[in-house]
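Read through the structure below, which is laid out as structure tokens, and then see the notes.
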Amino acid sequence: MTSTTVGDTTEMPTHEVNLTDGAAQKIAALLQQEGREDLRLRVAVQPGGCSGLIYQLYFDERVLDGDAVRDYDGVEVIVDRMSAPYLNGASIDFEDSIEKVGFTIDNPNAGGSCACGDSFH
């Protein structure tokens, strides 16, 4: 796979992963802490976990061939071609409560998940 020039996402396909305002604000704050404007949030699905598939969320400076990019008020979210069908219609939120702190993914394509909630099928 080849990567495109940083910031050259005008001709890129889009995806159907939604980012809540709370998640976008948290990601923007984390990017500001990093002090880098060339990073995007990459959301992917990988084989693994006790239910078969796990989510991957990480910052990435690359945009690869086949990636779909969507901008949420300055926060770019990238989904690769293989992960897009598994994530179509999924929503990413950030929760900060006494019970839980972190990103959550509500995925209508998940047929079920494991007891720990880290993987799905």
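Miscellaneous remarks
- Kirkwood radius, the stretch 21-64, all distinct C-alpha pairs, inverse of mean reciprocal distance: 11.9 Å.
- Loop-resident GluC sites (Glu not before Pro) (DSSP state other than H, G, I, E or B) in the stretch 70-100 with no more than 13 further Cβ atoms inside 10 Å of their Cβ: Glu99.
- Computed label-point distance, nm, for sites Ala28 and Gln56 using a 7 Å Cα→Cβ extension: 2.8 nm
- Portion, in percent, of the accessible area of the stretch 9-108 that falls on carbon or sulfur, probe 1.4 Å: 47 percent
- Among Pro85, Tyr58, Val75 - extreme Cα towards positive end, dipole of the stretch 39-92, charges at beta-carbon: Pro85
The values are calculated or read from the model by the stated rules, or taken from the named source; none is laboratory data. None of the values given here were measured: they were computed from a predicted structure. Note that each Cβ is placed from the backbone with ideal geometry, even for glycine, and that neighbours are counted across all protein chains shown. Ligands, DNA and RNA are stripped out before the accessible areas are found, and what is left, the full protein with its side chains, is counted by its heavy atoms. Shrake-Rupley method; radii C 1.70, N 1.55, O 1.52, S 1.80 Å.
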